[in-house]
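*Asks:* Input: one structure, supplied below.
The values are calculated or read from the model by the stated rules, or taken from the named source; none is laboratory data. Given the structure is predicted, the values throughout are model-derived calculations rather than measurements. Cβ sites come from the backbone with ideal geometry, for glycine too, and all protein chains shown count toward neighbours.
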């Protein structure tokens with residue numbers, strides 16, 4: 001079977017031909033993000049907790065594609081700002097997006113688009129390309145997060161890196177490993193169908 005005859009992950013799992021199916025995917029993605037955000041560990045001395053959100057963003061971007069992935073992340077932020085307690089540690093409100101963690105949250109929207117864009121070009125189907133895709137996604141999230149954290153707190157760059165990056169490196173390596181191995185496995189399953 002040629003590559004052109006293999007269904008994409010996005011259409012094989014749930015067809016997205018109708019508004020109803022797109023809304024269902026967005027709602028499911030928001031729920032997944034909300035659950036993953038509650039997997040949260042505070043870091044002493046840092047306003048930024050370790051959460052499962054970055055793993056969720058990588059998986060949703062790859063599974064949903066650029067536009068639907070970014071739409072899902074934007075919906076998640078909008079619902080949280082509106083008052084639903086779906087951000088890390090059950091928090092909500094504009095202060096979470098505007099505050100110290102705002103850059104990470106905004107970065108996740110861009111990350112979902114970037115990962116989705118590359119997945120639409122089949123970068124999520126092989127380990128050799130999926131790992132760089134996930135790394136690029138995390139670089140986007142953490143770049144915006146660190147710049148925002150630095151500006152918001154007024155702290156020096158050494159503090160910003162020690163509070164906003166260093167405690168997260170091991171966890172992000174594990175999340176990239178999970179996402180990078182999960183997607184090609186799903187592709188092998190889809191291609192056999």
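*Asks:* So, residue 136, is that one in contact with a helix residue (DSSP H, G or I) (Cβ under 6 Å, 6 or more places away or on another chain) and in a helix (DSSP H, G or I) or not?
*Replies:* no
*Asks:* Going residue by residue through region 147-157, is there one that turns out to be surrounded by fewer than 22 Cβ atoms within 10 Å (Cβ to Cβ) and in contact (Cβ under 8 Å) with a residue 60 or more places away in the chain?
*Replies:* yes
*Asks:* Also: Taking region 113-133 as the search range and keeping residues that are crowded, with 17+ Cβ neighbours inside 10 Å and part of a loop (DSSP other than H, G, I, E, B), which one is farthest from the chain's Cα centre (by Cα)?
*Replies:* Checked region 113-133; the qualifying residue farthest from the chain's Cα centre (by Cα) is 125.
*Asks:* Follow-up. Which condition breaks for residue 75 when tested against (1) touching a helix residue (DSSP H, G or I) at 6+ places or on another chain (Cβ under 6 Å); (2) over 18 Å from residue 174 (Cβ atoms); (3) buried (at least 18 other Cβ atoms within 10 Å of the Cβ)?
*Replies:* Failed condition: (3).
*Asks:* Quick test of your reading of the structure: residue 38 fulfils all but one of (1) surrounded by fewer than 17 Cβ atoms within 10 Å (Cβ to Cβ); (2) touching a strand residue (DSSP E or B) at 6+ places or on another chain (Cβ under 7 Å); (3) modelled with pLDDT of 95 or more. Name the failing condition by number.
*Replies:* In the conditions (1) surrounded by fewer than 17 Cβ atoms within 10 Å (Cβ to Cβ); (2) touching a strand residue (DSSP E or B) at 6+ places or on another chain (Cβ under 7 Å); (3) modelled with pLDDT of 95 or more, residue 38 misses (2) alone.
*Asks:* Could you please let me know if residue 179 is crowded, with 19+ Cβ neighbours inside 10 Å and farther than 26 Å from residue 119 by Cα?
*Replies:* Working: crowded, with 19+ Cβ neighbours inside 10 Å: yes; farther than 26 Å from residue 119 by Cα: no.
It is false that residue 179 is crowded, with 19+ Cβ neighbours inside 10 Å and farther than 26 Å from residue 119 by Cα.
*Asks:* Take the conditions closer than 16 Å to residue 138 by Cβ, within 13 Å of the chain's Cα centre (by Cα) and free of Cβ contacts under 8 Å to residues at least 60 places away in the same chain and apply them to residue 77. Does it pass?
*Replies:* Answer is no for this residue.
*Asks:* Taking residue 59 as the residue in question, decide whether it is assigned to a helix (DSSP H, G or I), in contact with a helix residue (DSSP H, G or I) (Cβ under 7 Å, 6 or more places away or on another chain) and modelled with pLDDT under 95.
*Replies:* Values: assigned to a helix (DSSP H, G or I): yes; in contact with a helix residue (DSSP H, G or I) (Cβ under 7 Å, 6 or more places away or on another chain): yes; modelled with pLDDT under 95: yes.
Taking the combined requirement at face value, the residue satisfies it.
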